[in-house]
1. Given the criterion among the β-branched types (Val, Ile, Thr), in contact with a strand residue (DSSP E or B) (Cβ under 9 Å, 6 or more places away or on another chain) and open to solvent by 50 Å² or more (accessible area, probe 1.4 Å), identify the matching residue among B:80, B:96.
2. Residues in region B:101-150 that are surrounded by 24 or more Cβ atoms within 10 Å (Cβ to Cβ), part of a helix (DSSP H, G or I) and either at pLDDT below 95 or touching a helix residue (DSSP H, G or I) at 6+ places or on another chain (Cβ under 6 Å) (or both): how many?
3. Would you pick out the residues in region B:63-77 that are more than 20 Å from the chain's Cα centre (by Cα) and either within 30 Å of residue A:190 (Cα to Cα) or open to solvent by less than 70 Å² (accessible area, probe 1.4 Å) (or both)?
4. Is it fair to say residue B:90 is within 14 Å of chain A (Cβ to nearest Cβ), surrounded by fewer than 13 Cβ atoms within 10 Å (Cβ to Cβ) and charged (D, E, K, R)?
5. Could you please give the count of residues in region A:287-304 that are open to solvent by 60 Å² or more (accessible area, probe 1.4 Å) and without any contact (Cβ under 8 Å) to a residue 12 or more places away in the chain?
6. Go through (1) within 15 Å of the chain's Cα centre (by Cα); (2) in a loop (DSSP other than H, G, I, E, B); (3) within 20 Å of residue A:210 (Cβ to Cβ) for residue B:234 and report which single condition fails.
7. Counting just the residues of region A:188-230 that are at the interface with chain B (Cβ under 7 Å from one of its Cβ atoms) and among the aromatic types (Phe, Trp, Tyr), which one comes out nearest to residue A:274 (Cα to Cα)?
8. Can you pull out the residues in region B:18-55 that are open to solvent by 10 Å² or more (accessible area, probe 1.4 Å) and among the β-branched types (Val, Ile, Thr)?
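The values are calculated or read from the model by the stated rules, or taken from the named source; none is laboratory data. Owing to the predicted nature of the structure, the values given are computational and were not obtained by experimental measurement. Backbone-built Cβ (ideal geometry, glycine too); neighbour counts: all protein chains shown. Heads up: the accessible areas ignore ligands, DNA and RNA and are worked out on the full protein's heavy atoms, side chains in. Shrake-Rupley method; radii C 1.70, N 1.55, O 1.52, S 1.80 Å.
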Protein chains: 2
Amino acid sequence: MSKLVIVGTIAFDAIETPFGKTDKILGGAATFIGLAASQFKTDAALVSVVGGDFPESYLDLLRKKNLNLDGVEIVPDGKTFFWSGKYHLDMNSRDTLVTELNTLADFNPVVPQQYRDARVVMLGNLHPLVQLSVIEQMTTRPELVILDTMNFWMDNALDDLLKVIQKVDVITINDEEARQLSGEYSLVAAARKIQTMGPKYVVIKKGEHGALLFNKEAIFFAPALPLEEVFDPTGAGDTFAGGFAGYLAQSKKISFKQMKRAIIYGSCLASFCVEKFGTERMQELSEDEINERLEQFKKLTRFKI
Amino acid sequence: MSKLVIVGTIAFDAIETPFGKTDKILGGAATFIGLAASQFKTDAALVSVVGGDFPESYLDLLRKKNLNLDGVEIVPDGKTFFWSGKYHLDMNSRDTLVTELNTLADFNPVVPQQYRDARVVMLGNLHPLVQLSVIEQMTTRPELVILDTMNFWMDNALDDLLKVIQKVDVITINDEEARQLSGEYSLVAAARKIQTMGPKYVVIKKGEHGALLFNKEAIFFAPALPLEEVFDPTGAGDTFAGGFAGYLAQSKKISFKQMKRAIIYGSCLASFCVEKFGTERMQELSEDEINERLEQFKKLTRFKI
């Protein structure tokens, strides 16, 4: 099985939506990415940090999904990264209520020796220098390095971010971030400009409006599944990225054709993620359910002319 | 050939975009709908009104596209409906600078006798009572009545609008309007509720984010073509509706399958409309160009899983 390295946060989330409210539950980019990637035949390892307050049961939950945790540092006298947010009625915007970096503030990622030759590296949203450190620890150039990032780093660490962007094959960002990073309003122009900064592939996430994949020659569009109800959007973007990375790590060949499929898988998994609070839906997800939903994606987009 | 009745405005538009500014040029919903529908093998008639100031050359232009103008009333001492607008930098929002109803204020549509048995009726955005009058003039129930409307009538003539909605087969509105009309935020829930008001089919236009088609059992999603540059969005929604109506009027059978194709055609034609000011691009559009762009739509959405 192909090795997949996933770096990102493992966190406590406290979430409030119009449908309810949670106490501290399992969250974090690496968690959602890992749970999504665990749906594929790949040897995936998480690289992250938690505090002594992080329950063994959560670690077990991840281990049972065959996620290797050798690269998850536990700081016994530290506290786990905590985020709390409240979604507005439309579920498209949210207010951050609390961000406690805790052990994340001094996080020095260490990729376990046996994963330093991984085929695919998924850099979840983190400080660009942390992401860069992971790339530099790889003993062989991975076949595919995927970068997820956000506007916060464009505002606060642009030079470092540009260094990372230069070294990756795929970047996944949302439409507003693509516009900010490129200075172009048209997403076609934005993607072209971002490609000149390094990545051969640009994935632009548009939330409920789907996602676009660009390489030099082609564009592919994957819709989001129109949903009756979005219960909790937390982790949907990471789940999308995890499905994308996991599918590609499992693929024999990495090509545009495979990336199209990977984006559909990512969108499919994200459509489950939002159905319950936090990671709840992703924990119990079956292969049959995924295949059934993939059929819905096909029906949604197929036409003959 | 199937008969298609198109009711809507024929107008002067004066448009300002970041790319330039026009004097009074040819515009109006019926104009854009008609130009798009003229790409299909259908016997289409416009029902509208203009003033004595409307140039014969514009009427000729429409006639040359095989659009029947017997239902276009010319009020010799009246002035043609005039709209002027200015687009913001993002092209997604605009300010209306001038609206002069002129002859449109007293418009009583008259469907020519020979079109009162038309197979398809396309009701362009107008006062609901004007739309209702057109439906009532039909001597046989058309196989398909398509309604385009907007939030203005929801705010100002909701009761009349609901009467029209009850009588149509398809309604095309944008996402915000679907939410306003239904009181539902989720577009899936909104479409379901609107279906209980009358239309068997609901088309939700999301502009650059594509369009959704709903019937009772299924959902289809058509993306908008990602464009490098949008020159002038005026008429894109009407062009979409015109392509949709024209394709269906040409079809032997009217089914969900055909409607999926019709939406792709509508999106395809709309992607041309925005490339130049006003109707300019639609006047010169060739079948080869359309077919080439349809291939782009296929490539944009095709995947195999």
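1. Values: B:80 fails: open to solvent by 50 Å² or more (accessible area, probe 1.4 Å).
Going through B:80, B:96 in turn, the sole match is B:96.
2. Adding up the residues that qualify gives 1.
3. Within region B:63-77, B:75 is the sole residue that qualifies.
4. On the way: within 14 Å of chain A (Cβ to nearest Cβ): yes; surrounded by fewer than 13 Cβ atoms within 10 Å (Cβ to Cβ): yes; charged (D, E, K, R): yes.
It is true that residue B:90 is within 14 Å of chain A (Cβ to nearest Cβ), surrounded by fewer than 13 Cβ atoms within 10 Å (Cβ to Cβ) and charged (D, E, K, R).
5. 7
6. Against the list (1) within 15 Å of the chain's Cα centre (by Cα); (2) in a loop (DSSP other than H, G, I, E, B); (3) within 20 Å of residue A:210 (Cβ to Cβ), residue B:234 comes up short only on (3).
7. The qualifying residue nearest to residue A:274 (Cα to Cα) is A:221.
8. Across region B:18-55, the qualifying residues are B:22, B:25, B:42.
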